[in-house]
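Down below is the structure, laid out as structure tokens.
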2 protein chains.
Amino acid sequence: MITIKELEEHLAKTFGIHFNDSSLLAEAFTQASYVNEHPKENLKYYERIEFLGDAVMQLTVSEYIYQRYPEMPQGKLSRLRIAMVQEDSFSKFALECQFDKFIRLGKGEEKAGARHRSSLLCDIFESFIGALYLDQGRDAVIKFVTRVVFAKLDQGWFEQEVDYKTRLQEYLQRHGDVEIDYDVTKESGAESERVYTVAVSADNKVIGEGTGTSKKRAEIQAAKNALTRLQ
Amino acid sequence: MITIKELEEHLAKTFGIHFNDSSLLAEAFTQASYVNEHPKENLKYYERIEFLGDAVMQLTVSEYIYQRYPEMPQGKLSRLRIAMVQEDSFSKFALECQFDKFIRLGKGEEKAGARHRSSLLCDIFESFIGALYLDQGRDAVIKFVTRVVFAKLDQGWFEQEVDYKTRLQEYLQRHGDVEIDYDVTKESGAESERVYTVAVSADNKVIGEGTGTSKKRAEIQAAKNALTRLQ
């Protein structure tokens, strides 16, 4: 198991970050399963710090793109923020920072492959941000995020990350409220290779259909197809 | 029409807030419909500032409850944050601050009653926060929010505001991922007094049912009933 001391060295070497309170760092990189296996050590797990880090990232990203794109309308700002703060983006940043190596997991979670799970990597990225914020304040967060996240804007990272369900919603609701529903209309295939068909409707009228290996993927396809037909 | 000058006087008298840049305040209280009716005045409407204000409120509320309740687990912090930042809460704060009087609306929107619409009041509360943040920074926001929002915590404002859908999700997913779906199973009554019946299912097994005058209300009832049965 890699120690928190080694994490501190990694942060110092790679990012020039030196924590004042290393217990915050330990909390941010510890999952509940590890705490449960070490009941005598009086450890804390990352969830509370992640709750804070999530809000710190929301504001840091919002303020940056608000200032950087002074002419961008709110709808586009919202879509860009969603693309930047989504699980898929944060888990990639966590991997790029090699945070996966330093997560403290219980044995069962380790065996189940939690260390490579996108949702956990995303959580750890947020909890690290929360710890950095508590230890060193907003300017340190902005400096770190500028390097790890904002630099990706110039590399076009978020342009393809279009959220079709949000885009469809904004399109349909541009003149007022419209009720949008996604309903599974068909499931086929054996359990392990199930394919879902989803219909999306606006005020009870079907406007698109999509298929996918999960309901979520089928919904995204349905939204994309509806947008293509409508626009 | 009440002017921005009068809004500045109201803020000074009621909250001791003096804006440096009153154009930010004008932007925060102006709806797109008003801008469209005054094309020569080169006005801006509130949506971009509201985008920023939303994130400012998320962090301000998150940081406050994180510090104030050091033992509160993340799930409960999340529910409390949702209750504090939801439309219903923000629109009440906007009314309490008398912000409704100062919104600049187009004639059509005025006639349609937009000034009393909860969603607009919520937006204006957020855009005011965004403007205050840009004009005077985070400390001024914290001071204002402490008086208008945090004081309500001691008055028990948010205790009843339980988000049943979130609670059901947290309950079902406490040991891992569970697919939760809400489906309309019945609609009855004429269009103006339609009643919806919604079934909520976990991994395709129905666990609760609810009715309501909108799909959303029926979903909340279904989640509440499912929770009662499960717990």
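The values are calculated or read from the model by the stated rules, or taken from the named source; none is laboratory data. Only a predicted model underlies this, so the values are computations on that prediction, with no experimental measurement involved. Heads up, the Cβs are rebuilt from the backbone with ideal geometry, glycines too, and the neighbour counts pull from every protein chain shown.
Taking the range B:203-231 on its own, how many of its residues are over 26 Å from the mean Cα position of the chain (by Cα) and under 19 Å from residue A:181 (Cβ atoms)? Walk me through it before giving the result.
Applying the first criterion (over 26 Å from the mean Cα position of the chain (by Cα)) to the range B:203-231 yields B:203-209, B:228-231.
Next, only the ones that are under 19 Å from residue A:181 (Cβ atoms) stay: B:204, B:206, B:208-209.
Looking only at that region, the number is 4.
So residue A:134 clears everything in (1) farther than 26 Å from residue B:69 by Cα; (2) over 18 Å from the mean Cα position of the chain (by Cα) except one condition, right? Which one?
Residue A:134 satisfies every listed condition except (1).
Could you say which residue among A:226, A:218 is in contact with a Ser or Thr (Cβ under 7 Å, 6 or more places away or on another chain), not basic (Lys, Arg) and not in a strand (DSSP E or B)? So that I can check it myself, show each step before the final result.
On the way: A:226 fails: in contact with a Ser or Thr (Cβ under 7 Å, 6 or more places away or on another chain).
Testing whether each residue is in contact with a Ser or Thr (Cβ under 7 Å, 6 or more places away or on another chain), not basic (Lys, Arg) and not in a strand (DSSP E or B) leaves just A:218.
Within the range B:141-159, can you find the residues that are modelled with pLDDT under 85 and within 14 Å of the chain's Cα centre (by Cα)?
B:158
Sort out which residues of the range B:41-72 are assigned to a loop (DSSP other than H, G, I, E, B), more than 9 Å from chain A (Cβ to nearest Cβ) and not hydroxyl-bearing (Ser, Thr, Tyr), and write them in order of number.
Scanning the range B:41-72 gives B:42, B:43, B:44, B:71.
Go through (1) of a type in the set (A, V, I, L, M, F, W, C); (2) part of a helix (DSSP H, G or I); (3) at pLDDT below 95; (4) in contact with a Leu (Cβ under 9 Å, 6 or more places away or on another chain) and name the single condition residue B:82 misses.
(4)
Cβ-Cβ under 6 Å, sequence separation 6+ or interchain: first residue in the range B:7-34 and outside the structural domain of residue B:98 (by TED's automatic domain parsing) and under 19 Å from residue B:126 (Cβ atoms), partner at pLDDT below 95 and outside any helix (DSSP H, G or I). Which pairs?
Every condition considered, no pair remains.
Keeping to the range A:109-154, report how many residues are of a type in the set (D, E, K, R) and more than 17 Å from residue A:62 (Cα to Cα). Even if it seems obvious, please write down each step before you answer.
To start, the set of residues in the range A:109-154 that are of a type in the set (D, E, K, R) comprises A:109-111, A:115, A:117, A:123, A:126, A:135, A:138-139, A:143, A:147, A:152, A:154.
The next check asks that each one be more than 17 Å from residue A:62 (Cα to Cα); those that pass are A:109-111, A:115, A:117, A:123, A:135.
Selection size over the range A:109-154: 7.
Which of (1) over 16 Å from residue A:72 (Cα atoms); (2) touching a Ser or Thr at 6+ places or on another chain (Cβ under 9 Å); (3) among the aliphatic types (A, V, I, L, M) does residue B:17 not meet, given it meets every other one?
Of everything listed in (1) over 16 Å from residue A:72 (Cα atoms); (2) touching a Ser or Thr at 6+ places or on another chain (Cβ under 9 Å); (3) among the aliphatic types (A, V, I, L, M), residue B:17 misses just condition (2).
Suppose we filter the range A:188-223 for residues that are over 30 Å from residue B:194 (Cα atoms) and either modelled with pLDDT under 85 or surrounded by fewer than 18 Cβ atoms within 10 Å (Cβ to Cβ) (or both); how many remain?
Qualifying residue count for the region: 13.
Criterion first (within 30 Å of residue A:52 (Cβ to Cβ) and either surrounded by fewer than 22 Cβ atoms within 10 Å (Cβ to Cβ) or away from chain A (no Cβ under 12 Å) (or both)) does residue B:31 satisfy it? Walk me through it before giving the result.
On the way: within 30 Å of residue A:52 (Cβ to Cβ): no; either surrounded by fewer than 22 Cβ atoms within 10 Å (Cβ to Cβ) or away from chain A (no Cβ under 12 Å) (or both): yes.
When the stated conditions are applied, residue B:31 does not pass them.
Could you give me the residue pairs with C-beta distances under 6 Å whose first residue belongs to the range A:73-99 and is within 12 Å of another protein chain (Cβ to nearest Cβ), whose second residue is buried (at least 21 other Cβ atoms within 10 Å of the Cβ) and of a type in the set (Phe, Trp, Tyr) wherever it lies, and which are 6+ apart or on separate chains?
A:74/B:51; A:77/B:51
When you check residue B:142 against the structure, is it touching a residue at least 12 places away in the same chain (Cβ under 8 Å), among the β-branched types (Val, Ile, Thr), surrounded by 21 or more Cβ atoms within 10 Å (Cβ to Cβ) and in contact with a helix residue (DSSP H, G or I) (Cβ under 9 Å, 6 or more places away or on another chain), yes or no? Break it down into steps so the answer makes sense when it comes.
Numbers: touching a residue at least 12 places away in the same chain (Cβ under 8 Å): yes; among the β-branched types (Val, Ile, Thr): yes; surrounded by 21 or more Cβ atoms within 10 Å (Cβ to Cβ): no; in contact with a helix residue (DSSP H, G or I) (Cβ under 9 Å, 6 or more places away or on another chain): yes.
No; evaluated as a whole, the condition is false for this residue.
Can you tell me which residues in the range A:110-124 are surrounded by fewer than 20 Cβ atoms within 10 Å (Cβ to Cβ) and part of a helix (DSSP H, G or I)? Full working, then the answer.
The first filter runs over the range A:110-124 and keeps only residues surrounded by fewer than 20 Cβ atoms within 10 Å (Cβ to Cβ), leaving A:110-119.
Passing the criteria: A:110, A:111, A:114, A:115, A:116, A:118, A:119.
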